[in-house]
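Worksheet for the structure shown next.
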Amino acid sequence: MTIATTDSTSTARPRPRHASMTQFAVADNCLQIGGRALSALADEMGRTPFYAYDSAVMSAQVQRLRELLPPELHLHYAMKANPMPAVVRHLAGITDGLDVASAGELEVALAAGADPRAISFAGPGKSTADLTAAVAAGVIINLESEHEMRRLAALVSGRGERPRVAVRVNPDFELKTSGMKMAGGAKPFGVDAERVPQMLGELASLPLDFVGFHIFCGSQNLRPEAIVEAQANTFELAVRLAGCAPQPVRWLNIGGGLGVPYFPGERELDLQPIAASLPPLLAAAREELPGAEIVMELGRYLVAAAGIYVCEVLERKQSRGETFLITNGGLHHHLAASGNFGQVLRKNYPVCLGNRMASPATEIVNVVGPLCTPLDILAEKVELPVAEPGDLLVVYQSGAYGYSASPRDFLSHPHPLEILL
Ligand SMILES: *Cc1c(COP(=O)(O)O)cnc(C)c1O
């Protein structure tokens with residue numbers, strides 16, 4: 001193994017920078033979101049911090065996928081990325097279905113008007129209450145173990161019901177270089193591919209309506225080649241397993257994994273290779289799995305760039321040569337931006353001063369939150385215009401895994417607000 005070392009004599013290599021955030025316009029020195037100036041929005045909200053999500057940015061992202069990907073491919077929204085009811089309602093209206101991971105998410109999905117026939121329910125630890133709610137709603141239940149299959153069969157036995165089920169498969173391949181691997185090797189998610197044939201044999205005798213497979217490999221991938229390879233492997237595995245199925249495969253969820261740029265050096269995912277490789281895969285699926293509906297499930301890709309987190313500078317503090325901007329927002333509202341939601345080495349999310357967009361970045365600062373913990377960091381050593389108390393510190397790429405993925409009660413500060421524009 002070789003360990004990369006930094007060559008201290010080389011000064012030529014520029015520091016990696018964040019991809020430019022072009023989803024929101026700038027006017028009069030101020031960031032614009034949902035057609036209004038951020039400073040006016042902050043006044044209307046009445047207090048900071050808040051999350052603001054732009055529905056037009058979400059729609060544009062869905063539109064981009066629709067234009068590039070084959071029309072027969074169904075796009076689902078994986079609600080755990082952002083379960084705000086207004087966001088779910090918006091996405092239910094422009095996607096082909098929703099993927100939920102708890103009875104609570106299912107309730108929001110149904111209240112958003114989503115068609116239960118186009119909802120699927122995944123999750124490695126479904127409670128009896130989860131299964132009961134899923135059966136009552138008539139959604140597809142992604143079975144994550146043989147035991148769960150038997151529990152569900154026992155739950156409905158004698159009631160004349162045959163809930164629709166898919167088997168979530170833990171594939172025998174990995175999604176390479178994924179930000180978050182969720183398949184391949186030993187995993188708590190799904191059933192190991194090699195055990196699926198036997199499980200399907202047992203399923204055939206149970207009061208369950210087998211519809212197909214759910215094969216989700218991982219999350220936050222920015223390498224199109226890796227996604228293309230995983231999708232090819234996914235179709236191949238589904239066809240192999242379909243040979244052991246009690247009924248023809250009518251539904252195949254091929255996962256997603258499309259990533260978004262968060263950190264310096266990361267670039268927007270190039271969709272072209274994915275768009276080019278899917279038509280032949282879908283054509284093969286039409287031959288081998290005739291009539292099967294093919295679903296791609298996306299969470300962050302649909303919502304991350306549409307959201308910002310906005311907090312306010314409270315204090316400027318100097319300490320031994322460094323400048324700290326202390327804000328009223330932080331880890332308790334936005335765990336991911338603080339670096340504590342799965343990052344190994346902490347990296348900065350893209351940030352800006354939303355009310356000083358035209359001012360040059362002339363100082364290097366650390367942006368921290370109000371919590372008494374050194375983990376409460378929003379940005380380390382970033383170049384920003386000179387900030388004053390009252391300025392609006394904006395964290396971009398905050399539409400996914402923000403509000404709902406943060407420990408909002410930690411230190412008992414007020415919770416952030418949320419608005420969909
Ligand atoms: C979390 C999750 C998703 C969404 O992942 P993103 O990276 O947000 O696209 C999709 N499917 C399943 C099964 C998940 O667990």
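Okay, here's what the table says:
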item	result
Residue match in the range 389-401 (condition: within 16 Å of the ligand (Cβ to nearest atom), closer than 29 Å to VAL88 by Cα and in contact with a strand residue (DSSP E or B) (Cβ under 6 Å, 6 or more places away or on another chain))	yes
Residues located in the range 292-313, provided they are under 14 Å from LEU378 (Cα atoms) and aliphatic (A, V, I, L, M)	ILE308, VAL310, VAL313
When residues of the range 355-397 are limited to those that are over 25 Å from ALA25 (Cα atoms) and hydrophobic (A, V, I, L, M, F, W, C), the one most open to solvent (accessible area, probe 1.4 Å)	CYS372
Those residues of the range 72-92 which are away from the ligand (no atom under 16 Å from the Cβ) and open to solvent by 30 Å² or more (accessible area, probe 1.4 Å), in sequence order	GLU72, PRO85, ARG89, HIS90
Residue in the range 398-405 that is surrounded by fewer than 21 Cβ atoms within 10 Å (Cβ to Cβ) and in contact (Cβ under 8 Å) with a residue 40 or more places away in the chain present	yes
Test: residue in the range 120-133 that is at pLDDT 95 or above, within 16 Å of the ligand (Cβ to nearest atom) and touching a His at 6+ places or on another chain (Cβ under 9 Å)	yes
Candidates GLY123, GLY158, filtered to the one that is free of Cβ contacts under 8 Å to residues at least 24 places away in the same chain, at positive phi and open to solvent by 60 Å² or more (accessible area, probe 1.4 Å)	GLY158
Pair list, Cβ under 8 Å, 6 or more apart: the range 248-259 residue free of Cβ contacts under 8 Å to residues at least 12 places away in the same chain and open to solvent by 10 Å² or more (accessible area, probe 1.4 Å), other residue outside any strand (DSSP E or B) and more than 6 Å from the ligand (Cβ to nearest atom)	none
Residue in the range 290-300 that is at negative phi, surrounded by fewer than 20 Cβ atoms within 10 Å (Cβ to Cβ) and of a type outside the set (S, T, N, Q) present	yes
Number of the exception - LEU110 against (1) assigned by TED's automatic domain parsing to the domain that holds PRO163; (2) within 16 Å of the ligand (Cβ to nearest atom); (3) surrounded by 18 or more Cβ atoms within 10 Å (Cβ to Cβ)	(2)
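This table checks each residue for (1) out of contact with any Pro (no Cβ under 9 Å at 6 or more places or on another chain); (2) in contact (Cβ under 8 Å) with a residue 40 or more places away in the chain; (3) buried (at least 19 other Cβ atoms within 10 Å of the Cβ); (4) of a type in the set (Val, Ile, Thr).
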| position | (1), (2), (3), (4) |
| --- | --- |
| ASN29 | yes, yes, no, no |
| LEU38 | yes, yes, yes, no |
| ALA42 | yes, yes, yes, no |
| MET45 | yes, yes, no, no |
| ASP54 | yes, yes, yes, no |
| VAL57 | yes, yes, yes, yes |
| GLN63 | yes, no, no, no |
| PRO70 | no, yes, no, no |
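The values are calculated or read from the model by the stated rules, or taken from the named source; none is laboratory data. None of the values given here were measured: they were computed from a predicted structure. Positions of Cβ are backbone-derived with ideal geometry, glycine not excepted, and every protein chain shown enters the neighbour counts. Note: areas computed on protein heavy atoms with side chains; ligands, DNA, RNA excluded. Shrake-Rupley method; radii C 1.70, N 1.55, O 1.52, S 1.80 Å.
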